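Bear in mind that the values in this text are calculations on the coordinates, not laboratory data. Remember, it's a predicted structure, so these values are computed and weren't measured experimentally. Please note: Cβ atoms are built from the backbone with ideal geometry, for glycine as well, and neighbour counts cover all protein chains shown.
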Amino acid sequence: MTNPPDLPPRSVRESQSEMTELVLPNDTNPLHGLLGGRLMHWMDIAAAMAAHRHSRHYVVTASVDHLEFVSSARVGNFIVLRSSVNRAFRTSMEIGVKVWTENYLTNTRAHVSSAFFTFVAVDKSGLPQLVPPVMPETTEEKRRYEDAGRRREQRLAERELRRAKSVDPNASI
């Protein structure tokens with residue numbers, strides 16, 4: 001699927017976002033580690049910021065892929081989340097989010113998590129809206145752009161498989 005020709009492309013840097021959160025006791029489990037659900041919530045917000053900036057529309061989360069928890073974060077750590085649009089399609093965008101924990105006392109950082117979010121641009125009524133194409137400029141942006149196309153093909157194939165299984169009441173999830 002190609003982007004509409006009448007929307008000028010936007011660079012990746014135009015939509016990049018960064019946010020920082022402080023891990024507080026209410027964000028943690030009984031072992032004082034950051035709750036996965038809280039981190040996922042922050043990641044969704046960071047991804048939405050990049051999607052809003054790129055599309056200049058309201059956006060809704062359509063899917064999350066390859067969410068991995070690599071290391072833990074503790075009470076008192078900063079959580080640094082960076083997001084950018086990897087690729088845009090007609091009405092959807094793939095947003096990459098990478099997360100680090102920062103210990104400001106030791107001045108160290110560790111990779112915590114990464115994921116790919118798909119957002120759809122919508123109007124006030126929830127109807128899908130066209131989004132501008134992404135114009136990757138660096139080697140890394142071009143690699144992420146190409147990888148996003150392959151992941152989209154996989155997502156669409158998996159969705160068709162799930163739809164086929166949903167027709168069969170005896171199929172497993």
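Things to note:
- In degrees, nearest ten, helix 139-167 long axis to first principal axis of the chain (Cα): 70
- For the Cα trace of the range 1-147, dividing Rg by the Kirkwood Rh returns an Rg/Rh value of 1.02.
- Within the straight-line cut-off of under 26 Å between alpha carbons, the lysines reachable from K98 are K142, sequence neighbours fewer than 8 places apart in one chain being disregarded.
- Using the Stokes-Einstein relation with a Kirkwood hydrodynamic radius computed over Cα pairs, the translational diffusion coefficient of the range 1-82 at 4 °C and a viscosity of 1.567 mPa s comes to 88 µm²/s.
- Between helix 36-55 and the chain there is an angle of about 40 degrees, using the helix long axis and the longest principal axis of the Cα atoms.
- About the Cα centre, charge dipole magnitude for the range 70-173 (Lys/Arg +1, Asp/Glu -1 at Cβ), debye: 140
- Mean Cα-pair separation over length for the range 19-129, i.e. relative contact order, pairs under 8 Å, 6 or more apart, %: 30
- Potential extension, M19-V60 segment - 0.36 nm per residue separation minus Cα distance: 12.9 nm
- Helical mean residue ellipticity (222 nm; -39500 (n - 2.57) per DSSP H run of 4+; nearest 500) of the chain: -10000 deg cm²/dmol
- Taking the centroid of alpha carbons for each part, the range 6-44 and the range 105-131 are 8 Å apart.
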